[in-house]
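Here, each number is a calculation from the coordinates, and none is a lab measurement. This structure is a prediction, so every number in the text was calculated from the model and none was measured. Positions of Cβ are generated from backbone atoms using ideal geometry, with glycine treated the same way; all protein chains shown enter the neighbour counts.
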Amino acid sequence: MPRALVLLAAGGTGGHLFPAQALADALNRRGIEVDLATDERATRYGQDFPARETHVIPSATIRGRDPISLARTAGVLGLGAMKALLLLRRIRPAAVVGFGGYPTLPPVLAATLRRIPTVIHDANAVLGRANKLLSSRVTAIATSFPGVALDAPLAAKATFTGNPVRPMVIAAAVQPYAAPEVKGSFRLLITGGSQGARVMADVVPAAIARLAPELRVRLAVVQQARPEDEQRVRETYAQLGVNAEVAPFFADLPARIADAHLVVSRSGASTVAELAAIGRPSILVPLPHALDQDQLANANVLGQAGGTLILQQDDFTAERLAGEIAGLAAEPAKLSAMAVHAKSAGVLDAADRLADLVMKIAIGAANREPS
């Protein structure tokens, strides 16, 4: 007898693929096969995705509001929906789970048209635009944070699961936080999320240049930098005599978070979930000008718990960052307290919670089918 199949739909960035990967692992442990529907970007992050098959479905993001741009986007999404309908007819999944982003629209919409049980999961503290478009049509909504604002009809089908984290995050979470010794090494991790962030390359090396020499010599820096910024960041640290490792992407980022005394980062959903699960103090710089202000909402969850210092990008200057790093480095007890508070916001079993929800709606739908 063939195993049941669940189709996961996720945009091809780490913020969407990482929680989908965690759910795939949890479903596989339950004997459920998984297929992945995604876009071309997934080749970078999805190579180790535990899927039986990966299907690239056409999709487009709404970028312009002029008639030509809207018509072009609608055409691509329509083509994606047609291909998704054909795919669903061929693979016959028991359920379809979407993880946000416009690449999830065609598969999840096609599933609702075919009356296949659907779940959307939103990694952020506010519902994203694509998930908002789908929310009234799907069977269930899973949220990463408690208290996500939803209208009454949507709130009735919402379940708080947390944001699923990968097995390597669970492994890293076992490592307790060890505060830096007053004159010992101070390990600093800088990341801009899976897509990188130029502001980190512009501000962080300049901030470190402003630190007192006795602190700068203690630093061990790991910094993610976009390929176009990598060389200048590396050269700046070399000129400063700072021990630094610079790369566009770290496949073992959870282990590096666990090793860090302090993390400076954007506040994408996966980053915040991993900081909370592992329990590490941070300085978070939400992406400005986002329509949904999702990164600010994510950061506020850790901020309210006491696990992070939030700097708006206008305040994220070399002078301000240097002062904050120096102040925290001088207070190991404060860093330890921030680590404890961050961990209090983590949900280590989120993947299992979401897997339980998916199986519940899939089994419930199967039981309602006429014999």
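If you take all other residues with their beta carbon under 14 Å from the beta carbon of MET168, and give Lys and Arg +1 and Asp and Glu -1, the sum is -3. Projecting the alpha carbon convex hull of the chain along each direction and taking the average yields 18.8 nm².
Tilt of helix 294-305 relative to the longest C-alpha principal axis of the chain, in degrees (0 to 90, nearest 10)? Helix 294-305 and the main axis of the chain meet at about 60 degrees. Counted by neighbouring Cβ atoms within 10 Å, the residues SER136, SER336 run from fewest to most as SER136, SER336. Could you tell me the center-to-center distance, by alpha carbons, between segment 260-303 and segment 84-110 in angstrom? Each part reduced to its Cα centre gives a spacing of 29 Å. Comparing ALA258, SER135, ALA362 along the charge dipole axis of the chain, the residue lying farthest to the positive side is ALA362, per the Cβ-charge model.
From least to most packed, judged by other beta carbons within 10 angstrom and beginning with the fewest, ARG114, ARG198, ARG166 follow the order ARG198, ARG114, ARG166.
Seen against the Cα atoms of the chain and their longest principal axis, helix 198-209 is set at about 20 degrees.
Is segment 170-344 rounded, prolate or oblate when judged by the Cα gyration tensor, a ≥ b ≥ c being the square roots of its eigenvalues, rounded requiring a/c under 1.5 and prolate requiring a/b larger than b/c?
On the way: a/c = 1.37, a/b = 1.10, b/c = 1.25.
It comes out rounded by the Cα gyration axes.
Taking Cα atoms only, the orientation of helix 318-329 departs from the longest principal axis of the chain by about 80 degrees.
Provide THR54, THR118 in ascending order of the number of other Cβ atoms located within 10 Å of each residue's Cβ, fewest first.
The fewest-first ordering by Cβ neighbours comes to THR54, THR118.
In this simple spin-label approximation, LEU113 and ALA149 carry label points 7 Å from Cα along the Cα→Cβ vector, and these lie 3.3 nm apart.
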